[in-house]
Structures are given as C-alpha cells and as structure tokens.
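> If you scroll down you'll find the structure; I have some questions about it.
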Amino acid sequence: MSAQQRVGAAADLPPGKVVGAGRRRCRHLGADLAGGSVDANGCLVCPWHHSAYDVGTGRMVRGPQGIFARVPGLDFGYRMLTRVLPLGRAPVTERDGDLYVGG
C-alpha cells in the first residue's frame with residue numbers, strides 16, 4: 001500500500017483546480033500537469049498544448065492542439081500510447097480538512 005501525500009487544505013482547492021501531487025506529466029512533451037485545468041467534460045487538460053486526459057482511466061482523449069494538431073497521426077499515436085502507459089491515478093481523501101492523494 002502506497003503512502004498518502006498531503007495535497008492541501010480542502011478549502012483552498014475548489015472543484016476543477018489542479019495542483020501538483022507527485023509526478024504527473026503529460027505524455028506529449030512531459031509538461032507538469034499541475035498547471036492544467038479541468039474542462040467541461042471533466043477531463044484534465046495539459047497547460048502547454050491542451051491534450052486532454054480522462055481522469056478515470058488516465059488515457060488521452062484529445063491529443064496535442066495548436067500546430068501539433070496538424071501533424072498527421074500524432075493525435076492517434078499519443079492516444080494509443082496512453083492505452084499502454086496511462087497517467088497514474090490515485091484516490092483522493094479528505095481528513096481533518098486536508099486533502100490527501102494515494103492510499
């Protein structure tokens with residue numbers, strides 16, 4: 001069983017806010033996902049090139065955007081990569097007003 005890591009006070013972390021907890025990196029160019037956001041579909045969106053990840057499975061559901069979206073096969077390639085190497089996920093729990101990830 002892995003150790004839990006404190007993320008912060010629950011009052012400081014409204015729904016949709018993304019903060020760092022461990023090593024969570026975009027599969028595209030290794031961007032730190034802590035600076036990202038959660039979109040209307042509940043997907044974690046990379047702050048650099050706007051790839052989107054299903055938070056339940058860790059799989060990329062939309063590949064890199066902007067100029068990268070014009071590269072043939074790039075979106076498909078990264079989506080297939082995350083079928084094999086999805087983002088890590090862990091349960092989040094609240095205890096005494098603080099949020100913890102892991103378990």
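> If L44 meets every condition in (1) within 22 Å of Q5 (Cβ to Cβ); (2) not in a strand (DSSP E or B) apart from one, which number is that one?
Single failed check for L44: (2).
> Only residues in the range 12-31 that are over 17 Å from S51 (Cβ atoms) count as the first member; pair them with residues that are open to solvent by 80 Å² or more (accessible area, probe 1.4 Å), Cβ under 8 angstrom, at least 6 apart or cross-chain, and list the lot.
Cβ pairs passing all conditions: A21/Q5; G22/Q5.
> How many residues, within the range 84-103, are surrounded by fewer than 16 Cβ atoms within 10 Å (Cβ to Cβ), outside any loop (DSSP other than H, G, I, E, B) and among the aliphatic types (A, V, I, L, M)?
Total meeting the criteria: 2.
> I'd like the full set of residues that are under 17 Å from V101 (Cα atoms) and part of a loop (DSSP other than H, G, I, E, B), limited to the range 15-39.
Within the range 15-39, P15, G16, K17, V18, V19, G20, A21, G22, R23, R24 meet the criteria.
> Confirm whether L81 is surrounded by fewer than 18 Cβ atoms within 10 Å (Cβ to Cβ) and part of a loop (DSSP other than H, G, I, E, B).
Answer is no for this residue.
> Does the range 38-70 hold any residues that are open to solvent by 70 Å² or more (accessible area, probe 1.4 Å) and over 13 Å from C26 (Cα atoms), and which are they?
Within the range 38-70, A40, N41, I67, R70 qualify.
> Inside the range 67-103, can you point out the residues that are of a type in the set (G, A, S), modelled with pLDDT of 90 or more and within 29 Å of L13 (Cα to Cα)?
Answer for the range 67-103, where residues must be of a type in the set (G, A, S), modelled with pLDDT of 90 or more and within 29 Å of L13 (Cα to Cα): just G97.
> Restricting to the range 47-78, name every residue that is free of Cβ contacts under 8 Å to residues at least 40 places away in the same chain and assigned to a helix (DSSP H, G or I).
Result: G66, I67, A69, R70, L74, D75, F76, G77.
> Additional query: Confirm whether L33 is open to solvent by less than 50 Å² (accessible area, probe 1.4 Å) and within 25 Å of G8 (Cα to Cα).
yes
The values are calculated or read from the model by the stated rules, or taken from the named source; none is laboratory data. All figures in this text were calculated on a predicted structure; none of them were measured in a lab. Here Cβ is always computed from backbone atoms with ideal geometry, including for glycine, and neighbour counts include all displayed protein chains. Surface areas here come from the heavy atoms of the whole protein model, side chains and all, with no ligands, DNA or RNA. Shrake-Rupley method; radii C 1.70, N 1.55, O 1.52, S 1.80 Å.
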